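Enquirer: Once you've had a glance at the structure underneath, I'll fire off some questions.
Just so it is clear, none of the values below were taken in a lab; they were calculated from the coordinates. Bear in mind the structure is a predicted one, so any value in this text is a computation, not a measurement. So basically every Cβ, Gly included, is an ideal-geometry build from the backbone, and we count neighbours across all protein chains shown.
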Ligand code: NAP
């Protein structure tokens, strides 16, 4: 089978397509034919060797994907060959024609969701749901600021928040991204590169501030987020790439909190509930991933370069099926 193999940590150029031995599922594993793999920022952190947990080299990257069940191990029950699934984690990496996974890593993919869309679900939607509903718990009618809403997690957060009856403030950093946020139904949209946009957010909230902020780049924004929190509200830090200075008094005067959210820390019961709720949203159409670009598997380097550029506008996906399939 064909797979992307990383033999040394580095830039996108270390993503090399290779012919590798076919995989066979162990007794408690499944083999999935991967039709599409979703790229996430964490793939880049791992590939460059800058992450808290690194795989042993060589390895095949990728946590998210979608495809069909090809085979199940002798102890696995309840799956049939050809069943459509999305992957939220795998044992062998999703940037490949096939991957091995545990039963807990696959979830049903409704027929109206394409494989490319299914490849955008795992990390982005579970992270957004965990941060929004399990690390924070806004009530219907309350406000959420998705600070960095044009990427995978942000788009998922907008859809989940709208579905839960929240009023959504969302930021983007490009013209195309801002148009996308309007199309997604965000109630108020801001440009996070425009000077003074924090003041605009405050004005739009009637000077009361927002109840929840989902923060995708805390090292840049956290200090200026705090004055935007409503009394009793919170910031949930989803992404951060360095240190930041804050004024603790901004929290004190609002009875406000800063919380972290790390999807790898989510308890298994919570994850199961999140996936089950996602299935309802995918089925009724209220959750619909935005695919920005699809690259053939052999173009993984170009895909990783696009994923890392500013000006996000949905998800970057690899098509893993061979041209003849
Ligand atoms: P992504 O698809 O690459 O999107 C990045 C987002 O950050 C875009 O919306 C981008 O907006 C935005 N951004 C860039 N500059 C910004 C600024 N100055 N202020 C606010 N937002 C800004 O990444 P993603 O998958 O959505 O993930 C978002 C972040 O969460 C990443 O840092 C990722 O590593 C992290 N993450 C954490 C977890 C977890 O478990 N905690 C899970 C998944 C992801 P423009 O491009 O429009 O400027």
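Enquirer: In nm, what is the difference between 0.36 nm times the number of residues separating residue 262 and residue 193 and their Cα-Cα distance? Walk me through the numbers before you get to the answer.
Expert: Working: separation 69, 0.36 × 69 = 24.84 nm, distance 2.60 nm.
Using 0.36 nm per residue and subtracting the Cα-Cα distance, I get 22.2 nm.
Enquirer: As a check on your grasp of the helix formula, calculate [θ] at 222 nm for the chain: sum -39500 (n - 2.57) over DSSP H runs of n ≥ 4, divide by the residue count, round to the nearest 500.
Expert: When only DSSP H runs of four or more count, the value is -7500 deg cm²/dmol.
Enquirer: For the chain, what is the percent of antiparallel DSSP beta bridges, rounded to the nearest 5? Kindly include the intermediate steps, with their values, before the conclusion.
Expert: Details: 29 of 55 bridges.
Around 55 percent of the beta bridges assigned by DSSP in the chain are antiparallel ones.
Enquirer: Then there is this: Which of rounded, prolate, oblate describes the chain, given a ≥ b ≥ c as roots of the alpha-carbon gyration tensor eigenvalues and a/c under 1.5 marking rounded, otherwise prolate only if a/b is larger than b/c? Working shown, then result.
Expert: Values: a/c = 2.00, a/b = 1.71, b/c = 1.17.
Verdict is prolate for the chain.
Enquirer: Nearest 10 degrees is fine. How inclined is helix 268-284 to the longest principal axis of the chain, computing both from alpha carbons?
Expert: On a 0 to 90 degree scale, this one is about 90.
Enquirer: Given a Förster distance of 56 angstrom, what is the FRET efficiency for residue 296 paired with residue 245, based on the Cβ-Cβ distance and rounded to 0.05?
Expert: Working: r = 44 Å, r/R0 = 0.79.
Efficiency computed from Cβ-Cβ geometry: 0.80.
Enquirer: Which distance in nm do the two modelled labels at residue 18 and residue 203 give, with both placed 7 Å along the Cα-to-Cβ direction?
Expert: Distance between the two pseudo-spin positions: 5.7 nm.
Enquirer: Pick from 235, 270, 113: which residue has the top mean-square fluctuation in a GNM of the chain where Cα pairs under 10 Å get a spring?
Expert: 270
Enquirer: Once you put a point 7 Å from the Cα of residue 309 and another 7 Å from the Cα of residue 163, both along the Cβ direction, what distance in nm separates them?
Expert: Rounded to a tenth, the inter-label distance reads 3.0 nm.
Enquirer: Taking square-rooted eigenvalues a ≥ b ≥ c of the alpha carbon gyration tensor, is the stretch 124-265 rounded, prolate or oblate, where a/c under 1.5 means rounded and, failing that, a/b exceeding b/c means prolate? Don't jump to the answer; show the numbers that get you there.
Expert: On the way: a/c = 1.24, a/b = 1.13, b/c = 1.10.
It is rounded, given that a/c, with a ≥ b ≥ c, falls under 1.5.
Enquirer: Which one, 101, 204, 234, has the greatest fluctuation when you compute a Gaussian network model over the chain with C-alpha springs under 10 angstrom?
Expert: 204
Enquirer: Roughly how many nanometres apart are two label points built 7 Å out from the Cα toward the Cβ at residue 57 and residue 112?
Expert: According to this spin-label approximation, the distance is 4.7 nm.
Enquirer: Running a GNM on the chain with Cα contacts under 10 Å, which residue among 66, 303, 272 ends up with the highest mean-square fluctuation?
Expert: 272
Enquirer: For the modelled label position 7 Å from the Cα of residue 9 along Cα-to-Cβ, which residues of the stretch 33-69 have backbone nitrogen atoms closer than 19 Å?
Expert: 40-63, by backbone N distance to the label point.
Enquirer: Apply 1/(1 + (r/R0)^6) to the Cβ-Cβ distance of residue 182 and residue 28, taking R0 = 51 Å, and write down the FRET efficiency to the nearest 0.05.
Expert: Given R0 = 51 Å and the Cβ-Cβ separation, E is 0.65.
Enquirer: Take the alpha-carbon centre of the stretch 168-211, take the same for the stretch 79-130, and report the distance between them in whole Å.
Expert: 31
Enquirer: Return one number: the angle in degrees, 0 to 90 and rounded to the nearest 10, between the long axis of the Cα atoms of helix 152-163 and the longest principal axis of the Cα atoms of the chain.
Expert: It works out to around 60 degrees.
Enquirer: What is the gain in length, in nm to one decimal, between residue 48 and residue 276 on full extension, counting 0.36 nm per residue of separation less the C-alpha to C-alpha distance? Present the calculation step by step, with values, prior to reporting the outcome.
Expert: Working: separation 228, 0.36 × 228 = 82.08 nm, distance 3.35 nm.
Difference between extended and current length: 78.7 nm.
Enquirer: Given the C-alpha centroids of the stretch 296-320 and the stretch 144-162, what is the distance between them in whole angstrom?
Expert: 20
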